Amino acid sequence: MRLIATEEAWSIPEVAAELKKVAHGPSQSLDKPLVKGVYDVEPGHPGYDAYPFLDGLLDAEDTRLKQMDQYGVAMHLLALTAPGVQMFDADTAHELAVLANDRLAELTHKYPKRFAGLASFAPHSPKRAAREMERAINELGLNGFMINSHTHGEYLDDPKFWPILEAAEALDAPIYIHPRPLPASAIGPYLEHELWAGIWGYAAETGLHGLRLIASGVLDRFPRLRIVLGHLGEGLPYFVYRIDYMSRLLRQIGSHKPYELDPSEYLRRNFLVTTSGMNHHPPLQLCVDVLGADRVMWAIDYPYQQTPECVEFMDTAPLSDEDRAQIYAHNAERAFGIAAPAAAAS
Ligand code: MN
């Protein structure tokens, strides 16, 4: 069975250097705790120093490939790791995205059977972002896009970002909405007890982003737009009955502008989910039931998550072999335009 992992984190030294400056500087960015943990590891730092994430992020051809071989992982769909470029000013963000996309394309061209890639863009200037998106697909041959949720507290349903949605739809390339810390307006109650990150805050933030695309009606304007959410849909598939019920009510009383479908129908039409960081069979089964086995894709979240656990989770999932093969590879091949093995270049 072919194994394609679809949320695989990677970085380049230039981006790491900028993030290290953030870690040392006066920035009050909400990404700072994450950035300090990964890019500014000092002896005695509680926690992260046990995990050499930065080495794993900057490496593609050495340990990563060896580990892929060891556990039978055919391909990583790589993307510049969170928080990506969005915390920087517009020009820095754009320049770093272009550089990262160029480097990513070098890797995918050197190893067409081992690496595919999701391009970055700087949403701050949506028209410039759309041009870079076009270059990433048409010139660099990358496979889609990754955005790390909000940009300075703003979300993709905002009309200012529609050139980005329009470009993704026209290029028929998915946008993977990856978590990042909640914006200043929302993060307050998550800070105490350290709840802002993967334990809960990331899902709250990213699920909200997905739901905003649905509840804003923006998917009526871009009906062929494809959105990918990690972590088995950031809670949305679990909540879908209540979301449908309440959205009907809100449309009835006029609190929501009318939109054409029920939220569950947008979820099944426009969204795919991945298993990143959710090696648990019950929510996997729920996503298969709610969305269909053709809308779920396997992911590791290397180097933050451990490959053997992720492989064992999927190998032992109570699924038919046909569904398992879909989730392990075929859905990703279809969603991201990854060549099936027989057709792949050498
Ligand atoms: Mn991730």
Out of the range 74-95, which residues are touching a residue at least 40 places away in the same chain (Cβ under 8 Å), out of contact with any Gly (no Cβ under 8 Å at 6 or more places or on another chain) and either within 16 Å of the ligand (Cβ to nearest atom) or under 29 Å from K32 (Cα atoms) (or both)? H76, L80, T81, A82, P83, G84, V85, Q86, M87, F88, T92
Residue check for K113: over 19 Å from the mean Cα position of the chain (by Cα), surrounded by fewer than 17 Cβ atoms within 10 Å (Cβ to Cβ) and without any contact (Cβ under 8 Å) to a residue 60 or more places away in the chain: no
State whether one or more residues within the range 326-337 are touching a residue at least 40 places away in the same chain (Cβ under 8 Å) and among the acidic types (D, E). yes
The correct count of residues that are touching a Phe, Trp or Tyr at 6+ places or on another chain (Cβ under 6 Å) and free of Cβ contacts under 8 Å to residues at least 40 places away in the same chain in the range 260-297 is 1
Would you confirm whether any residue within the range 25-42 is modelled with pLDDT of 95 or more, away from the ligand (no atom under 16 Å from the Cβ) and touching a Lys or Arg at 6+ places or on another chain (Cβ under 8 Å)? no
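The values are calculated or read from the model by the stated rules, or taken from the named source; none is laboratory data. As the structure is a prediction and not an experimental result, all values here were calculated from the model. All Cβ positions, glycine included, derive from the backbone under ideal geometry; neighbour counts span all protein chains shown.
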